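**Student:** There's a structure below that I have some questions on.
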Amino acid sequence: MSAIVCTLFEGAYHYGVGALANSLYAAGYRGSMWVGYRGALPPWARGAGQGRGCWEVPVASDFKLHFVEMPAGRHLTNQKPEFMLRLWDEHCPEADALFYFDPDITNRGPWRFYEEWVSHGVALCEDVYPVFPADHPWRAAWREFAERNGHPVRRELGRQYSAGFVGLHRRYGRPLLTVWQHLLECCMAEGWVDPNLIRSESVSPYLYDDQQVLNLALMVYTGPMSTVGGEGMDFGRPGKIMSHAAHAASNGKPWGKRAITQALLGVPPSPADKLYWQHTRQPIQLYSRPRYLWRKAALRAAAAIGRFVKRSPASN
């Protein structure tokens, strides 16, 4: 199977991009990773060469990163389906499958699992709060919005899925991306989704970000789905597929967290923190050796502190 991986980033999230790439390479992925970016290229992307509509960074003999500059004026999270369609149309028309990962995800599982997974349907993970009944009033408002914009609902769902990862096979991926993109454009045109923010005020029709719109698109889409629970992203309990630092603030992402300080406040290192630091050395070296050793030592100390210092229930 010819498969490509993609992600989007700006600012310090390049640390997450590097760890994601390293973790996929360690899992056996060989090929191209496409990175939509805004601002400067990562400092570790030294030696980038000009490619066709992108910058190319060979990080191993069989693994290359392609950096595609994204237009200004819209938050990157609201460009996910547009970016994936652009890759299939302009850069990788021959790809059988396309996988999107948020840049704060680190992979756990073998790459062959992803190729098997996507052959069964659109690959998705449940969100951290997955229960979302089919008769929920928000879904009723979504249904009205979709039908008003020319997309009748054809599927009832009772779970909510994360937009941090989506795996698509050529056989059925494009229809979902097309619907997701069109509904997102409608939401922005009507003012429900703020193009420049991740979230806007939650009012009817309760479509305030790309994830809500993806879950509506899944109600319209008629193709096969293949889903896993929250353990697919280490939500609730560690799993064997991915680890997603989804709900940490920007300074609480694995690369920005002050591990010892957080542990003293009763917040020990998370599975996402630990996995991140396992994938910062090769084939992309994200830190100098002294800095890496210091951060690893701090992580071990924080884990030890976390065994004794617990956050009080009142602070949760």
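The values are calculated or read from the model by the stated rules, or taken from the named source; none is laboratory data. What you see is a predicted model; the values in this text were computed from it and never measured. With ideal geometry, Cβ positions are generated from the backbone for all residues, glycine too; neighbour counts draw on all protein chains shown. Side chains are part of the model used for accessible areas, which takes the heavy atoms of the whole protein and leaves out ligands, DNA and RNA. Shrake-Rupley method; radii C 1.70, N 1.55, O 1.52, S 1.80 Å.
**Student:** Out of every Cα pair in the chain, what percent are spaced more than 33 Å from each other?
**Tutor:** Of all Cα-Cα pairs in the chain, 25 percent lie more than 33 Å apart.
**Student:** Taking each pair of distinct Cα atoms in region 1-101 once, what is the resulting Kirkwood hydrodynamic radius in Å?
**Tutor:** About 13.7 Å, per the Kirkwood formula over Cα pairs.
**Student:** Quick one: ranking Met1, Met33 by accessible area, 1.4 Å probe, largest first, what do you get?
**Tutor:** From most exposed to least exposed: Met1, Met33.
**Student:** Which length gain, in nm to one decimal place, applies between Arg155 and Gln285 when the Cα-Cα distance is subtracted from 0.36 nm times their residue separation?
**Tutor:** That works out to 42.3 nm of additional length.
**Student:** Report the gain in length on full extension from Glu10 to Arg237: 0.36 nm times residue separation, minus Cα-Cα distance, nm rounded to one decimal.
**Tutor:** 78.8 nm
**Student:** Given region 161-316 reduced to its alpha-carbon atoms as identical point scatterers, what log10 I(q)/I(0) does the Debye formula return at q = 0.20 Å⁻¹?
**Tutor:** One equal scatterer on each Cα of region 161-316 leads to -1.20.
**Student:** Just to confirm, what accessible area per residue do you get for the chain at 1.4 Å probe, in whole Å²?
**Tutor:** On a per-residue basis, the chain sits at 44 Å².
**Student:** Place a +1 charge on the Cβ of each Lys and Arg in region 117-177 and a -1 charge on the Cβ of each Asp and Glu, then give the dipole magnitude about the Cα centre in debye, rounded to the nearest 20.
**Tutor:** Dipole about the Cα centre, nearest 20: 340 debye.
**Student:** Let me know the charge dipole size of the chain about its Cα centre in debye, to the nearest 20, where only the beta-carbon of Lys, Arg (+1) and Asp, Glu (-1) is charged.
**Tutor:** Dipole magnitude for the chain comes out near 1500 debye.
**Student:** Next question, about the same structure. Just from its helices, what would the mean residue ellipticity at 222 nm be for the chain, if runs of 4 or more DSSP H residues each count -39500 (n - 2.57) and the sum is divided by every residue, rounded to the nearest 500 deg cm²/dmol?
**Tutor:** -9500 deg cm²/dmol
**Student:** Follow-up. Residue-wise, which Karplus ³J(HN,Hα) couplings in Hz belong to region 168-173, taking 6.51 cos²θ - 1.76 cosθ + 1.60, θ = phi - 60°, and x for glycine or proline?
**Tutor:** After applying 6.51 cos²θ - 1.76 cosθ + 1.60, I find 9, 9, 3, 4, 9, x Hz.
**Student:** Which percent of the accessible heavy-atom area of region 1-156 goes to carbon and sulfur, probe 1.4 angstrom?
**Tutor:** Percent of accessible area from carbon and sulfur atoms in region 1-156: 51.
**Student:** Name the long-range amide H neighbours of Asp127: under 5 Å, sequence gap of 5 or more, or other chain; modelled H, no Pro or chain starts.
**Tutor:** HN-HN under 5 Å from Asp127: Gln160, Tyr161, Ser162.
**Student:** Here is a further query. Spin-label point model (7 Å from Cα, Cβ direction): what's the Tyr172 to Arg258 distance in nm?
**Tutor:** 4.9 nm
**Student:** State the antiparallel share, in %, of DSSP beta bridges confined to the chain, rounding to the nearest 5.
**Tutor:** Within the chain, antiparallel bridges account for around 45 percent of the total.
**Student:** Given the options Gly239, Val213, His151, identify the residue whose Cα lies farthest towards the positive end of the charge dipole of region 133-276 (+1 on Cβ of Lys, Arg; -1 on Cβ of Asp, Glu).
**Tutor:** Towards the positive end, the residue furthest out is Gly239.
**Student:** Would you mind getting me the FRET efficiency between Arg307 and Ser119? Use the beta-carbon distance for r and R0 = 35 Å, nearest 0.05.
**Tutor:** Between Arg307 and Ser119 the formula returns 0.25.
**Student:** Under 8 Å for C-alpha pairs, at least 6 residues apart: give me the relative contact order for the chain, rounded to a whole percent.
**Tutor:** 21 percent
**Student:** Here's something else I'd like to know. Just going by the charge dipole of the chain, with Lys and Arg at +1 and Asp and Glu at -1 on Cβ, which of Ala97, Cys54, Leu24 is farthest out on the positive end?
**Tutor:** Leu24
**Student:** Roughly how compact is region 45-89, stated as its Cα Rg over 2.2 N^0.38 Å to two decimals?
**Tutor:** Against the empirical 2.2 N^0.38 Å value, I get 1.32 for region 45-89.
**Student:** Also: Less than 10 Å Cβ to Cβ from Glu156, Lys/Arg counted +1 and Asp/Glu -1: what total charge do the surrounding residues give?
**Tutor:** With Lys, Arg at +1 and Asp, Glu at -1, the net is +3.
**Student:** Have a look at Phe99, Phe113, Phe63 and tell me which one the Gaussian network model of the chain (Cα, springs below 10 Å) gives the largest fluctuation.
**Tutor:** Phe113
**Student:** Related question: At 7 Å along Cα-to-Cβ for each site, give me the label-to-label distance between Lys64 and Arg46 in nm.
**Tutor:** 2.1 nm
**Student:** Just to check I understand the Karplus step: with θ = phi - 60° and J = 6.51 cos²θ - 1.76 cosθ + 1.60, what whole-Hz values come out for region 13-26, glycine and proline as x?
**Tutor:** 5, 5, 5, x, 4, x, 5, 4, 4, 4, 5, 5, 5, 4
**Student:** Next up: I'd like the trypsin sites (Lys or Arg not before Pro) in region 237-316 restricted to DSSP loop residues with at most 15 other Cβ atoms within 10 Å, sorted by number.
**Tutor:** Lys240, Arg258, Arg281, Arg307, Lys310, Arg311
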